[in-house]
Amino acid sequence: MTALAHIGSTGAGAQTPGGPAPEPTKKGGITAYLLLLPGVLWLLVFFVAPMAQLAAVSLQSQFPGYPGYYYRDVNFGSYVTAMTEYLPQFGRSLLFAGAATLLAFVLAYPLAYAMAFKAGKWRGLMMICVIAPFFTSFILRTIAWRQILADEGPIVGALKWLHVMPSSGRITETGFAVVAGLTYNFLPFMVLPIYASLERADPKIIEAGGDLYANGLTTFRRVTLPMSMPGVLAGTLLTFIPAAGDYVNAELLGSDSTKMVGNVIESQFFKVLGGFPVAAALSFTLMAVILALVFVYVRRYGTEELL
Amino acid sequence: MGIFSKSSGAFRDAKGDLILEDVTKSFATFTAVDDLSLTVPRGSFFALLGPSGCGKTTTLRMVAGLEQPTAGRIKIGSTDLTGSRPYERPVNTVFQSYALFPHLTVRDNVAFGPKRRGSADPVGEANKTLELVQLSHLADRKPTQLSGGQQQRVAVARALVNHPEVLLLDEPLGALDLKLRREMQVELKRIQMEVGLTFVHVTHDQEEAMTMADTVAVMNLGRIEQMGAPEVLYDLPRTKFVANFLGQSNMLHGTVAGIDGDFTVIGAGDHKVKVRTSRMAPGEGGEAIFGIRPEKTRVHDEAPSAGSDGASLGPGTLLDVSFTGVATQYLVDVPGVGRWAVYEQNLDLDRISNKPGDQVWISWNPGHAFGVRS
Amino acid sequence: MTTGQKLRFWISERIVMIIAVAVLLYLFLPVAYTFAFSFNNYRKSNIAWNPEGSPTLKHWQDPCGVEGICESLGTSIRVGFIATLAATILGTMLAFALVRHKFKGRGAGNMLVFIPMATPEIVLGASLLTIFVQGFTRVGLKLGFWTIVLAHIMFCLSFVVVTVKARLQSLDPRLEEAAEDLYADPRSTFWRVTFPLVLPGIVSAALLSFSLSFDDFIITNFISGNESTFPKFVYVSYLRGIPAQANVIGFSMFVIAVLLVVVGQVIGSRRRSPSS
């Protein structure tokens, strides 16, 4: 969320010099509740209630003989189905999302580092370049990747020419294409928080580190990288969580054998008659798995700056 | 007590001396201002002097209305301002960080007060005040484009333009470099005398307070230790804190040993010194602290003549000799007393011959001595 | 130093920047492809390059030539505006309450705002689908334009709150004290000092909100019923045969947005340092 905070806090002169956020000044009066009410109400009606509804749906049963018609029940059968039948898709979602997050990190960090420390006056332009591709619909960009990674395209051609890939091989409709798509789509979410984190760092500390450690690499490892951890943490979460639930990349770039949990959920809702409870159960299971992983991850590397 | 209260007009029209009566400000964990009373005569330059955390800024904020006292009253003349909001009071503040509005030009910053007051020609008034602080040529700039010194003058102009009954300055010169600070001290004093407003200046810099103010109040731990004209405070501090905070003092901790005519004798071990009883702070008990300013003392190679009885100390060991151009600073260790400093102006035609390690005596004119309790 | 050594030194000094530029190029590659394929004289679907007759300008001359494409664009823009307006207003109010006011449940409020951002879109879409289909049918709400708007307001809300909160928290409280000291009552202080200083954050939030809404696909796909936004149109047509007009419109949106950003930056820096 530091990325978005960075986006929001433009303009000089109105900033307090560093330090923690000031304590709220006004007592909770009628104004506070009036201000809160519309927003909170909206979130309750369109977020909390739907989640509750989803939970209820996941426990519903079907009228026997009438697929597509459900009644309220506390039937955990859908969860059983979700967790047993679709294990491969779950695994694939986590694997692809994890791979994409890792790749995104590898690509994003140098970019963020360059923007923060090496760019000087080009910083603004580079920032625009990171955000600008966003303005083309992401569906179009993913389709473009299909074209770039196509059998007749330059990438496959080059790989085959270098004999890295067998002449009968392909990228599209494999997991590699899906991961490539995921990495690309969520790269800015990794770049911006890391950049925000690095930009806030005091360059004098890094200089001091360079003084202490003869090796530039050691300075990076021991000084710069730890300082950027809040940004890395935020970026990883902002990439992994949506990637784990994505289905567009798998749909456009993959095949039947690369389906992720997202694809299953979508088809259970729209293509399979009577699939609502299973789809709902899958959604909740996905959320639970993600939350568990995030919890473990934040515990291990976490900081309070996340919120 | 809102803007709709009938009395807000009355607040704005308050005129007279600034009076604080038994003002206390307590927070959950500590008391910032403890039963403080003072009167600032209208049109004078008043300095609140003290170390960080002594409560001077809190006091200032209470006068401005940004904090409300836990007990006590704040008045201007006969109008009781206690409980009113800052925008109702004829009081303006120059903040330590200047707090200039970054989204407004310099001119609009200065015109802010007049506009809110509904003045007929806010921009005109702003321009006049900007001339007074010599910033007319920067009136269209934004605060972020100005230097620290220029921003500080805008902050002063912004408060001044409203001709408040009381102008509060919260360590306004703290962020400036030495040369600029000295210039601004003279500037502010000149402006105050020209405009004739009541200035209340909060600072931790004792030189600044003494240079600028007609009256100085030394604060410590929420209380005023001593208040009066700078010369009086310097010449005759009434507490140990004031003696050490305003300038430097050599001290001898001892007990009252007796009276000798107009003088009180204080003894510690083998040493006996005397101070005029009229310059002795009142108090009970035998413990007393003898004090003399370093620049009032002299260093000698031999024990002074018998006439300096009670107005000399020694023998001691010379620890350090520092030449500062105007004067020479000696540091002397007197056994049983401690380390005393001696500042002698370099008036002798001969060059200084004392070296560290020499045995020396210190003497002074007993009329300069003062005595405090703790 | 030998030339080899000099070259290695030159590279190692700049290696990070070289990689960074490479990544930026990588980011733009699909945009370039989208642009290139807008000139493709495709046969059935604008996926494979058809050398015969390409490049052609005919798609650029007739950008709305495909049925439904410009309607979907219009829907996207209308949804974007309405959702941005509502989300910005509600979110700004919420941000002020969370930052400036002490009340019970502030922690819960912050959580409530944060969790939707941490939830995968598919779960948000799924839950909204179930409540629209099962819960709200009694209200007579059908899946379509308004369900899209309602959903978009919901997920944009959190982002607006976070952005405005950040701006608000970095505001120097002394500025408002100074305003009060200078005879501004609470209402004047708010409109003349607080609001102008928070405004850049609100504007950023609005822009962010519009981008998120315009480009949203997953949630929209779940709850749009028969209505189509531009991303949904492109996705659906991919399966049938994607028209090059999609590339034309997509790339045009990109150019417009980049121009707006550049203009915004220029205005911003011009205001910060007038050449007087």
Quiz item: Looking at (1) crowded, with 19+ Cβ neighbours inside 10 Å; (2) over 30 Å from residue C:40 (Cα atoms), can you tell me which one residue C:106 breaks?
Solution: (1)
Self-check item: Count of the range C:1-44 residues which are among the polar types (S, T, N, Q), more than 19 Å from residue A:137 (Cα to Cα) and not in a helix (DSSP H, G or I)
Solution: 2
Quiz item: How many residues does the range B:67-89 contain that are surrounded by 22 or more Cβ atoms within 10 Å (Cβ to Cβ) and within 14 Å of another protein chain (Cβ to nearest Cβ)?
Solution: 6
Exercise. Scan the range C:105-146 residue by residue and report those that are more than 10 Å from chain A (Cβ to nearest Cβ), in contact (Cβ under 8 Å) with a residue 60 or more places away in the chain and either under 22 Å from the mean Cα position of the chain (by Cα) or assigned to a helix (DSSP H, G or I) (or both).
Key: C:144, C:145
Quiz item: Restricting attention to the range A:190-219, which residues are surrounded by fewer than 18 Cβ atoms within 10 Å (Cβ to Cβ) and either of a type in the set (Phe, Trp, Tyr) or within 22 Å of residue A:294 (Cβ to Cβ) (or both)?
Solution: A:213
Quiz prompt | Residue list for the range C:55-100, filter: farther than 24 Å from residue C:235 by Cβ and part of a loop (DSSP other than H, G, I, E, B) | solution = C:55, C:56, C:57
Self-check item: From B:104, B:100, B:168, residue being surrounded by fewer than 22 Cβ atoms within 10 Å (Cβ to Cβ), aliphatic (A, V, I, L, M) and either in a helix (DSSP H, G or I) or facing another protein chain (nearest Cβ under 10 Å) (or both)
Solution: B:104
Quiz item: Does the range C:153-171 contain any residue that is assigned to a helix (DSSP H, G or I), over 20 Å from the mean Cα position of the chain (by Cα), of a type in the set (A, V, I, L, M) and more than 8 Å from every other protein chain (Cβ to nearest Cβ)?
Solution: yes
Quiz item: Name the pairs: first residue in the range C:211-229 and within 9 Å of chain A (Cβ to nearest Cβ), second residue part of a loop (DSSP other than H, G, I, E, B), Cβ to Cβ under 7 Å, at least 6 apart or on different chains?
Solution: C:215/A:137
Quiz item: Just for the range C:11-44: of the residues that are among the hydroxyl-bearing types (Ser, Thr, Tyr), free of Cβ contacts under 8 Å to residues at least 60 places away in the same chain and farther than 18 Å from residue A:192 by Cβ, which one is nearest to the other protein chains (Cβ to nearest Cβ)?
Solution: C:33
Quiz item: Would the range B:282-291 turn up any residue that is in contact (Cβ under 8 Å) with a residue 24 or more places away in the chain, buried (at least 17 other Cβ atoms within 10 Å of the Cβ) and among the aromatic types (Phe, Trp, Tyr)?
Solution: yes
Quiz item: Considering only the range B:83-97, how many residues are part of a loop (DSSP other than H, G, I, E, B) and not polar (S, T, N, Q)?
Solution: 5
Exercise. Would you check if there is a residue in the range C:45-53 being assigned to a helix (DSSP H, G or I) and either more than 14 Å from chain A (Cβ to nearest Cβ) or of a type in the set (Asp, Glu) (or both)?
Key: no
Self-check item: Selected residue [free of Cβ contacts under 8 Å to residues at least 12 places away in the same chain and of a type outside the set (Phe, Trp, Tyr)] from A:115, A:127, A:83, A:51
Solution: A:51
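Just wondering, is there one or more residues in the range A:225-234 that are over 23 Å from residue A:94 (Cα atoms) and surrounded by fewer than 16 Cβ atoms within 10 Å (Cβ to Cβ)? Walk me through it before giving the result.
So the first thing to find is which residues in the range A:225-234 are over 23 Å from residue A:94 (Cα atoms), and the list is A:225-228.
Keeping just the survivors that are surrounded by fewer than 16 Cβ atoms within 10 Å (Cβ to Cβ) gives A:225-226.
The answer is yes, given that some residue of the range A:225-234 is over 23 Å from residue A:94 (Cα atoms) and surrounded by fewer than 16 Cβ atoms within 10 Å (Cβ to Cβ).
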Quiz prompt | So residue C:180, is it of a type in the set (Asp, Glu), under 23 Å from residue B:65 (Cβ atoms), assigned to a helix (DSSP H, G or I) and under 33 Å from the mean Cα position of the chain (by Cα) | solution = no
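Residue-by-condition table, conditions (1) within 7 Å of chain C (Cβ to nearest Cβ); (2) touching a helix residue (DSSP H, G or I) at 6+ places or on another chain (Cβ under 6 Å); (3) at positive phi; (4) surrounded by 20 or more Cβ atoms within 10 Å (Cβ to Cβ):
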{"position": "A:97", "(1), (2), (3), (4)": "no, yes, no, yes"}
{"position": "A:101", "(1), (2), (3), (4)": "no, yes, no, yes"}
{"position": "A:108", "(1), (2), (3), (4)": "no, yes, no, yes"}
{"position": "A:119", "(1), (2), (3), (4)": "no, yes, no, no"}
{"position": "A:122", "(1), (2), (3), (4)": "no, no, no, no"}
{"position": "A:125", "(1), (2), (3), (4)": "no, no, no, no"}
Quiz item: Which ones in the range B:293-348 are polar (S, T, N, Q), modelled with pLDDT under 90, more than 30 Å from the chain's Cα centre (by Cα) and surrounded by fewer than 19 Cβ atoms within 10 Å (Cβ to Cβ)?
Solution: B:305, B:308
Exercise. List the number of the failed condition for residue A:53; all other conditions in (1) within 13 Å of chain C (Cβ to nearest Cβ); (2) touching a Gly at 6+ places or on another chain (Cβ under 6 Å); (3) outside any helix (DSSP H, G or I) hold.
Key: (3)
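Does residue C:257 fit the bill of being within 11 Å of chain A (Cβ to nearest Cβ) and either part of a helix (DSSP H, G or I) or at pLDDT 90 or above (or both)?
yes
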Quiz item: Got a number for residues in the range B:140-167 being over 24 Å from the mean Cα position of the chain (by Cα) and β-branched (Val, Ile, Thr)?
Solution: 2
Quiz item: Which is of a type outside the set (Ser, Thr, Tyr) and over 24 Å from residue C:267 (Cβ atoms), of C:175, C:141?
Solution: C:141
Quiz item: So which residues in the range C:223-237 are in a helix (DSSP H, G or I) and out of contact with any Ser or Thr (no Cβ under 8 Å at 6 or more places or on another chain), if there are any at all?
Solution: C:235, C:237
Exercise. Would you tally the residues in the range A:149-199 being within 26 Å of residue A:109 (Cβ to Cβ), assigned to a helix (DSSP H, G or I) and free of Cβ contacts under 8 Å to residues at least 24 places away in the same chain?
Key: 4
Quiz item: Somewhere in the range B:30-46, is a residue within 14 Å of chain C (Cβ to nearest Cβ) and within 24 Å of residue B:213 (Cα to Cα)?
Solution: no
Quiz item: Just one of the numbered conditions (1) modelled with pLDDT of 85 or more; (2) more than 22 Å from residue C:135 (Cα to Cα) is not true of residue A:49; which one?
Solution: (2)
Practice problem: Filter the range B:237-248 down to residues that are crowded, with 22+ Cβ neighbours inside 10 Å and within 20 Å of residue B:363 (Cα to Cα), then give me how many there are. | Solution: 1
Quiz item: Within the range B:127-137, is there a residue that is surrounded by fewer than 21 Cβ atoms within 10 Å (Cβ to Cβ) and within 14 Å of chain C (Cβ to nearest Cβ)?
Solution: yes
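The values are calculated or read from the model by the stated rules, or taken from the named source; none is laboratory data. Not measured: the values here are computed from a predicted model. Because the Cβ atoms are built from the backbone with ideal geometry, glycine has one as well, and the counts that use them run over all protein chains shown.
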